[in-house]
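So the structure is just underneath, and the comments pick up after that.
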Amino acid sequence: MKRQTLSMILWYYHFSNMEEQDKYNEKMCRLIWHDALQCSIKTLSWGVDFVRVKVIKNGTEFHVQGFKVTGVVRVQYVEGSDLFKVTIIPDNQEKPIIIEDVYIDQLVSTIDENLGNCEIIKKRTSEEYDFAEKLVAV
């Protein structure tokens, strides 16, 4: 009888911790999107597949079709350092790009530099369509 009670207590403890962890993960995902990614129009140039945005441990994961890279981007909060880890996993099986120690206000620019910098897009667009570079808004 005691063994069953102990296992039930452990199961409940494990379940409640999982529930708390899930809530925490969702909170981190929302924080990343609300406080960083949605604050910039640059995220639209990455070709984010909003249907495939996921909550992962300590962060978020989403699929992109960037200028230089098409693949999965993971943004995870690193507890203790108050910084983030960005992992870009290309679809073409190339080696993942891992950027550590990123401040929340640097997330967009860090991801943008690795997916297809807006400045490159701006230059190519102006060359291809014969616009003055200052007329191309990115």
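Go through the range 35-63 and report how many residues are of a type in the set (A, V, I, L, M, F, W, C) and at pLDDT 95 or above. Let's see the steps before the verdict.
Going through the range 35-63, the residues of a type in the set (A, V, I, L, M, F, W, C) turn out to be 36-37, 39, 41, 44, 46, 48, 50-51, 53, 55-56, 62.
Right, trim to at pLDDT 95 or above and you get 53, 55-56, 62.
The qualifying residues number 4.
Does Leu10 satisfy being modelled with pLDDT under 90, of a type in the set (A, V, I, L, M), part of a helix (DSSP H, G or I) and more than 13 Å from Ile111 (Cβ to Cβ)? Show your work before the answer.
Details: modelled with pLDDT under 90: yes; of a type in the set (A, V, I, L, M): yes; part of a helix (DSSP H, G or I): yes; more than 13 Å from Ile111 (Cβ to Cβ): yes.
Against the criterion (modelled with pLDDT under 90, of a type in the set (A, V, I, L, M), part of a helix (DSSP H, G or I) and more than 13 Å from Ile111 (Cβ to Cβ)), Leu10 qualifies.
Could you tell me whether the range 109-128 includes any residue that is surrounded by 14 or more Cβ atoms within 10 Å (Cβ to Cβ), among the aliphatic types (A, V, I, L, M) and either at pLDDT 70 or above or in contact with an Asp or Glu (Cβ under 8 Å, 6 or more places away or on another chain) (or both)?
Within the range 109-128, one or more residues are surrounded by 14 or more Cβ atoms within 10 Å (Cβ to Cβ), among the aliphatic types (A, V, I, L, M) and either at pLDDT 70 or above or in contact with an Asp or Glu (Cβ under 8 Å, 6 or more places away or on another chain) (or both).
Could you figure out which of (1) modelled with pLDDT of 85 or more; (2) over 24 Å from Leu83 (Cα atoms); (3) not hydroxyl-bearing (Ser, Thr, Tyr) isn't true of Lys2?
(1)
Pairs only if they're at least six apart or on different chains, beta carbon under 7 angstrom, first in the range 39-64 and surrounded by fewer than 18 Cβ atoms within 10 Å (Cβ to Cβ), second among the small types (Gly, Ala, Ser); list them, first residue then second.
From residues that are surrounded by fewer than 18 Cβ atoms within 10 Å (Cβ to Cβ), the pairs are Gly47/Gly66.
The values are calculated or read from the model by the stated rules, or taken from the named source; none is laboratory data. Just so you know, these numbers come straight off a predicted model, no measurement behind them. Quick reminder, even Gly has a Cβ in these numbers, built from the backbone with ideal geometry, and neighbours come from all protein chains shown.
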